[in-house]
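Q: One structure is given below, represented as structure tokens, and several questions about it will come after.
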Amino acid sequence: MVSREKQILNGVRLIIIFIFLLIILRLVWLIIPHGASLKNYENPVVASRVVRGTIYDRNGAVLAIETPYYALALHLDKVKDIESIISTISPVIGMDRDEVHKALENKIRYALIKKNLLTSEKDQLESLIQEGLLQGAVIEKRYGRVYPQVYHASQIIGFTNSNNVGLEGIEYTYNEILSPAPRVNEAITYGNDITLTLDMNIQFMLDINIQQMVKEHLAQSAVGIIIDSTSGAIVAVTQYPWYDNALYATSSEESRKNSFVTDMREPGSVFKIFSLAAELDSQAIDADEHFYCDGVYTFTGEDGNLTTINCVSPHGDVDPTAMIARSCNGAVAAWSHAMTKDTFRDYIVNFGFTHIYDLPITGVSGGYLAPTTSWSDRSKATISFGQEIAVTPLQIVVAASAIANGGELVTPYLISNVTTKEGEVVSTYEKPSSTHNVISKETASIILEGMEEATVPGGTATKTFVEGVRVASKTGTAQVADPNGGGYLKNTFLASTLSIFPIDNPKYIIYVAALDPKGDTIWGSGIASPAIGNVISDMVRSGYITSSAIEEVSIVDEKIN
């Protein structure tokens, strides 16, 4: 009789043998081929082409779009007589022999001779190739970028290189969104489209008037920007001189720069409205404050030294609104002494000066404002009328939104939304839920009142006045700091004007500045103000702004009819 222990041991042995056999059978099954039951690996299908997305303005106008074009190229290793080829193609493509030779420089096997062939050029070249007269020549179908708006908003849009890769502007910043990597299981990969906040109708109005201003006053350069005061949307931006995106290779670095965010300059008297707002809102002075201006204001600093502030002319008795309307240096400087340095600087910072705004373009600057520990006894006074501080045009119009909106500062933005080729929204701009209040409604109202007073006879900004539209404006004429240090450039000025309109229901803020005008005037009131007045008039005629004068005429016409 087999003992119980031996029975258990035999059972364990059988189990082990069974498991071992199973392992052997599994290994054999894996080693032996199974014919049709095995799957062959196939490379995934990757898109053969990427179509770059389109850039639109807020009305759907095309700013940048991919289109096919034809180019002439030479495979040099197949060319037997290069001089004969050059003689044949030169008259067809409209390039002289030297130009063709230049295209061939340093090329060994392949040379691109001409892009964007005309249909007639393409047809003639194809005929010559078929006849065997252009051995080594090929007509290539390529895909490139077209910019229908030419120079309008060119700096914002930017451009792509010959490989359709964005190099500047929105084309650069959003390159991977506009032109993603080829995707798997797609014949063609389509990039997303981008809609900007720009309105090309308003952009055109701004461009034309800025160009006219530069030509009339012989300015070295100019900048203009319009934002929606209620949302912060950038509606139009111009920087003159401009360039054609399609001809970027012939443009200068200066013409391609987005100077409205890169250039920091002393703002001059335009800054007085922000200084006055700080003086009023901090209750350092009240709305009934008065200052008598005899053309010169002298004060003694803590160090005992005398500082003299000059006005263009005596202004007589000046209250806060008159200070803005007549642009009195003495008044705003004298009132600045009622604030501490820290209080004044805090207001300036809260207005957005020193802030670097998050826009999808390179080179955005935060401006410059020294810490109060570096301020001299005259710093508060000189900063109050726009010296000892450097700001950008963008910062000026954003700061002005607090005056337009009863104290609330907006956040500027340039991208409205990103959509797929089918129109599905991928992302959209959402206004920040938190508000940034800089000053009270009462303070903002006083500033607007003074700015409106500046547009009527006796004020400095009368040339921004437009019949039937309530406009609030502040002019400025600033010296330009020497970039090499050592004070200011001789006889070089920045002539500017800032306007908010219509002030009964503020919608737009516009800032225009001309650098180094050489005409018969240097003043912002005679250079930038007329350009703004013309832009506002154009916007009235185009229906963007309603003029009460036009409404009155319409009512009269109805009664007559």
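Q: Which whole-Hz couplings ³J(HN,Hα) result when phi for each residue of the range 537-546 is put into the Karplus expression 6.51 cos²θ - 1.76 cosθ + 1.60, θ = phi - 60°, listed in order with x for Gly and Pro?
A: Whole-Hz 3J(HN,Hα) from phi for the range 537-546: 4, 5, 5, 5, 5, 8, x, 6, 10, 9.
Q: With a 1.4 Å probe and every protein chain left in place, work out the accessible area per residue of the range 242-293 in Å², rounded to a whole number.
A: 43
Q: While we're here: Hey, how much of the P(r) for the range 54-94 falls beyond 14 Å, as a percent of Cα pairs? Don't skip to the end; give the middle numbers.
A: Values: 539 of 820 pairs.
Distances greater than 14 Å cover 66 percent of the Cα pairs.
Q: Given the C-alpha centroids of the range 452-481 and the range 499-550, what is the distance between them in whole angstrom?
A: 9
Q: Next question, about the same structure. Order the peptides 336-346, 49-59 from the highest to the lowest mean number of other Cβ atoms within 10 Å of their residues. All intermediate terms of the calculation are to be shown ahead of the outcome.
A: Details: 336-346: 17.4, 49-59: 19.4.
Descending mean neighbour count gives 49-59, 336-346.
Q: Relative to the Cα centre, what is the charge dipole magnitude of the range 64-173, using +1 at the beta carbon of each Lys and Arg, -1 at the beta carbon of each Asp and Glu, and rounding to the nearest 20 debye?
A: Working: 12 positive and 15 negative charges, 44 e Å.
The dipole of the range 64-173 has a size of about 220 debye.
Q: Taking the Cα atoms of the range 100-175, report the difference between the largest and smallest coordinate on each principal axis, in whole Å and largest first.
A: Each principal axis gives a Cα extent; for the range 100-175 these are 46, 29, 19 Å.
Q: Placing one identical point scatterer on every Cα of the chain and ignoring solvent, what is log10 I(q)/I(0) from the Debye formula at q = 0.12 Å⁻¹?
A: -1.13
Q: What's the ranking of 370-382, 236-248, 400-412 by average number of surrounding C-beta atoms within 10 Å, highest first? Please list the in-between numbers first.
A: Values: 370-382: 15.9, 236-248: 20.7, 400-412: 23.4.
Going from most to least packed, we get 400-412, 236-248, 370-382.
Q: Next question. Under a 5 Å amide H to amide H cut-off, with H placed in plane at 1.01 Å, what residues pair with T160 once short-range neighbours are removed?
A: L167
Q: Compute the distance from the alpha-carbon center of the range 354-370 to that of the range 53-121, in whole Å.
A: One Cα centre to the other: 40 Å.
Q: Per the helix-only calculation at 222 nm, which mean residue ellipticity applies to the chain, given -39500 (n - 2.57) for every DSSP H run of n ≥ 4 and division by its residues, nearest 500 deg cm²/dmol?
A: Values: 18 runs with 192 residues, N = 561.
-10500 deg cm²/dmol, from helical runs alone.
Q: In debye, nearest 20, what is the charge dipole magnitude of the chain about its Cα centre with +1 on Lys and Arg Cβ and -1 on Asp and Glu Cβ, if you could check? The partial results should precede the final answer.
A: Numbers: 42 positive and 63 negative charges, 604 e Å.
In total the dipole reaches around 2900 debye.
Q: By the scheme Lys and Arg +1, Asp and Glu -1, what is the net charge of all other residues having a beta-carbon under 14 Å from that of L394? It would help to have the intermediate numbers written out before the result.
A: Numbers: positive: K257, R265; negative: D228, D263, D358.
Neighbour charge sum, excluding L394 itself: -1.
Q: With θ taken as phi - 60° and the coefficients 6.51, -1.76 and 1.60, list the Karplus ³J(HN,Hα) couplings across the range 344-361 in order, rounded to whole Hz; mark glycine and proline as x.
A: These are the phi-based 3J(HN,Hα) values: 4, 5, 4, 5, 4, 5, 5, 6, x, 6, 5, 7, 9, 6, 7, 10, x, 9 Hz.
Q: For the chain, which whole-number percentage of the solvent-accessible area (1.4 Å probe, protein heavy atoms only) is attributable to carbon and sulfur atoms? Numbers along the way, then the final one.
A: Details: 14520 of 27760 Å².
Answer for the chain is 52 percent, counting heavy atoms of protein chains only.
Q: Past the 14 angstrom mark, what percentage of all C-alpha to C-alpha distances in the range 378-423 do you count?
A: Numbers: 700 of 1035 pairs.
Within the range 378-423, distances greater than 14 Å cover 68 percent of Cα pairs.
Q: Under 28 Å from the Cα of K421, which lysines turn up, not counting those fewer than eight places away in the same chain?
A: Qualifying lysines at Cα under 28 Å: K115, K141, K431.
Q: Net charge near G407: determine it from the other residues with C-beta under 14 Å of the C-beta of G407, scoring Lys and Arg +1 and Asp and Glu -1.
A: Working: positive: K441; negative: D281, E408, E442.
Its environment carries a net charge of -2.
Q: Once the dipole of the chain is set up with Lys and Arg at +1 and Asp and Glu at -1 on Cβ about the Cα centre, which of Q283, A454, I234 lies farthest towards its positive end?
A: Positive-end residue among those listed: I234.
Q: Please state the charge dipole magnitude for the range 81-129, taken about the Cα centre, from unit charges on C-beta atoms (+1 on K and R, -1 on D and E), reported in debye and rounded to the nearest 20. If you can, show how the numbers build up before the last one.
A: Working: 7 positive and 9 negative charges, 50 e Å.
Magnitude of the dipole: close to 240 debye.
Q: Can you spot the lysines whose alpha carbon is less than 30 Å from K380's alpha carbon? Ignore those fewer than 8 places along the same chain.
A: The reachable lysines, counting only those whose Cα sits under 30 Å from K380, are K272, K341, K441, K474, K490.
Q: Along the positive direction of the dipole of the chain (beta-carbon charges: Lys, Arg +1; Asp, Glu -1; about the Cα centre), which of H315, T195, L134 reaches farthest?
A: L134
Q: Calculate the spin-label point distance for T119 paired with N163, positioning each point 7 Å from the Cα along the beta-carbon direction, and give it in nanometres.
A: Label at N163, label at T119, 3.3 nm between them.
Q: Can you find, among Y429, V410, M95, the residue farthest towards the positive end of the dipole of the chain? Put +1 on the C-beta of Lys and Arg, -1 on that of Asp and Glu.
A: Looking along the dipole axis, the top candidate is M95.
Q: What's the local net charge at S162, with K and R +1, D and E -1, over the other residues with C-beta under 11 Å away? Write out the running numbers ahead of the final one.
A: On the way: positive: K115, R142, R145; negative: none.
Local charge sum for S162: +3.
The values are calculated or read from the model by the stated rules, or taken from the named source; none is laboratory data. Everything numeric here is computed off the predicted structure, so don't read it as measured data. Counting neighbours? That spans all protein chains shown, and the Cβs are built from the backbone with ideal geometry, glycine included. These area figures cover heavy atoms from the full protein model, side chains too; ligands, DNA and RNA do not enter into them. Shrake-Rupley method; radii C 1.70, N 1.55, O 1.52, S 1.80 Å.
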